[in-house]
Ligand code: HAS
Ligand code: CU
């Protein structure tokens, strides 16, 4: 069952194919570059908000904030996800064929072209609309076209990945698909279904409007289509991290994962419940009936379940491992964990951040509490301890073994030490910054704002200390980014080894239990997914067409 083409998935000797590896590396080069540019922008923002610093060369705060959001939240993550998923497929389903790999390359170049178009518009100060590009702020049409190309590029790459997955299934009828390959398929299918929302908004609303073909835009509709995509987007970032947690970390510890079947079920639940919940970003928006907001809040609470299942599985793995190492008391298994292995420490610190990160999400989703935190910098704190800690730290851990695995090297002592430094510096910087953001947000400090003093208003005085804390945290994070880049360089420049670093793939305690068949019945999965979307969205979206909402002209406020 664990074999394909004669090679064993669980053997430390099974590798990512060399040609696929080049494609993975090309994607990862963008990750490093985007991280550096986006991190620099982030540092400058925290300095501006501290009230002690002004941007040079006429750069605008919102211009910088747009660059930060687009380059980190969209560009860096998308390139990582494409690269990582291709590596995971090549490692567990076997190498891509020429067509599949060519689609990977075409996708890569289309994403690159789109990124450069958008980046140029941001640099020319033609697109300071932030990464959510809310109307009626209006950017240059090339910015929207660039973003569209980025998404279309991911579709092309994803098409190649899905072809690889379905080819494995055809060639290995009756066998259970390697877990990592299965997980990439779930993430990719979710991606295709959700990006239809943002693609429709951009193609039918933003592009005609920014080209002047139509004068006005339906704001409610554009935001709703955006969040139909915007919420699953956060799971598109998260699921590759969960792939590492479920299927790779147990092997790093030298033990087994908790349950292969449970991992698959949690991914299926993400497919079902990620999409029909986007309105939890619009709980205070006008134009959507309270009933539909309430329904989507309930569905949001459903999507918390697979994360709780993940937390449970990880605790089970860690405790079982610790006890195998001889721990006997209630909690001393904790001390037995491999605290000197950067792959583990990076991921573990990420998990710790996700405990308050997830709790904050539950607070945001709770209708009444959302009114207190919405549009405050609390939300910025929330997403920095979700995507900015568990997700990105896990990406770093993946880079730590992927880069040497592909380039024929090993993680040496220095790279491992850099990884440990990275984990602790990141934890310190993100800890200080995000705590300050949550605190200031509860005291009413707004998000998406260049002002720190508010003309000396009394309430704003309370925020200054937190804003200075944010700048201190941001500075540590910038140092951490430099460490990350040094780590990447160390990983690809050491001496080549006969046996490269392993791409760890774990077995599970229930490895030989047959897989529950329906989790790979794609027709059924897609029907349920679409059914839930129709329930959650049909009426609110129809109302946006029928209730005669006045259209808005475009504004360029910068
Ligand atoms: Fe969120 C806003 C609700 C998760 C990202 N979120 C955002 C925005 C971003 C974002 C970027 O309902 C801002 C968008 C913007 O620009 O406006 N979020 C949630 C909920 C969850 C959630 C319910 N968010 C995420 C994740 C993100 C992310 C994941 C990125 C990757 N979020 C919201 C809401 C808003 C929002 C509202 C809108 C707010 C507004 O008003 O604008 C849930 O998925 C969270 C579930 C997670 C858990 C945690 C489980 C814990 C685990 C770790 C276990 C630890 C272990 C370690 C095992 C319940 C898995 C062992 C430890 C030892 C101690 C030994
Ligand atoms: Cu959300």
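The values are calculated or read from the model by the stated rules, or taken from the named source; none is laboratory data. Computed from a predicted model, the values in this text were never measured in an experiment. Note: ideal-geometry Cβ built from the backbone for every residue, glycine included; neighbour counts use all protein chains shown.
Below is a table of values for the structure above.
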read-out	value
Residue under evaluation residue 300, criteria (1) within 30 Å of residue 179 (Cβ to Cβ); (2) at pLDDT below 95; (3) within 16 Å of ligand 2 (Cβ to nearest atom), criterion not met	(2)
Test: residue in the range 198-212 that is at pLDDT 95 or above and within 13 Å of ligand 1 (Cβ to nearest atom)	no
Residue check, residue 336 in contact with a helix residue (DSSP H, G or I) (Cβ under 9 Å, 6 or more places away or on another chain) and closer than 30 Å to residue 491 by Cα	yes
Flag for residue 335 being assigned to a helix (DSSP H, G or I), more than 30 Å from residue 364 (Cα to Cα) and under 23 Å from the mean Cα position of the chain (by Cα)	no
Failed condition for residue 502, given (1) buried (at least 16 other Cβ atoms within 10 Å of the Cβ); (2) closer than 24 Å to residue 40 by Cβ	(2)
Matching residues in the range 485-521 - criterion: being assigned to a helix (DSSP H, G or I) and at pLDDT 90 or above	485, 486, 487, 488, 489, 490, 491, 492, 493, 518, 519, 520
Where a residue in the range 295-314 is more than 11 Å from residue 362 (Cβ to Cβ) and its partner, wherever it lies, is outside any helix (DSSP H, G or I) and away from ligand 2 (no atom under 15 Å from the Cβ), with Cβ under 7 Å and at least six apart	313/258; 313/259
Output for the range 116-143, where each listed residue is assigned to a helix (DSSP H, G or I) and closer than 24 Å to residue 42 by Cβ	116, 117, 118, 119, 120, 121, 122, 123, 143
Close pairs (6 angstrom Cβ cut-off, 6 or more residues apart or separate chains): under 14 Å from residue 254 (Cβ atoms) and within 14 Å of ligand 1 (Cβ to nearest atom) in the range 323-351, modelled with pLDDT under 95 and assigned to a helix (DSSP H, G or I) anywhere	323/333; 336/322
Cross-chain or 6+ apart pairs with Cβ under 8 Å, the range 406-419 first and under 12 Å from residue 396 (Cβ atoms), then modelled with pLDDT under 95	415/494
Extreme residue, nearest to ligand 2 (Cβ to nearest atom), among residues of the range 205-247 that are touching a strand residue (DSSP E or B) at 6+ places or on another chain (Cβ under 7 Å) and not in a helix (DSSP H, G or I)	217
Subset tally (residues that are more than 14 Å from ligand 2 (Cβ to nearest atom) and either farther than 13 Å from residue 368 by Cα or not in a helix (DSSP H, G or I) (or both)) for the range 285-297	7
Residue within the range 251-261 that is assigned to a helix (DSSP H, G or I), within 16 Å of ligand 2 (Cβ to nearest atom) and within 21 Å of residue 307 (Cβ to Cβ) present	no
Every residue from the range 337-363 that is within 16 Å of ligand 2 (Cβ to nearest atom) and surrounded by 20 or more Cβ atoms within 10 Å (Cβ to Cβ)	354, 357, 360, 361
Filter pass, residue 250 being in contact with a helix residue (DSSP H, G or I) (Cβ under 8 Å, 6 or more places away or on another chain), more than 25 Å from residue 525 (Cα to Cα) and either free of Cβ contacts under 8 Å to residues at least 24 places away in the same chain or within 14 Å of ligand 1 (Cβ to nearest atom) (or both)	yes
Residue satisfying all of: in the range 369-387; more than 8 Å from ligand 1 (Cβ to nearest atom) and farther than 23 Å from residue 308 by Cα; nearest to the chain's Cα centre (by Cα) among these	377
From 323, 264, residue being crowded, with 19+ Cβ neighbours inside 10 Å and in a helix (DSSP H, G or I)	264
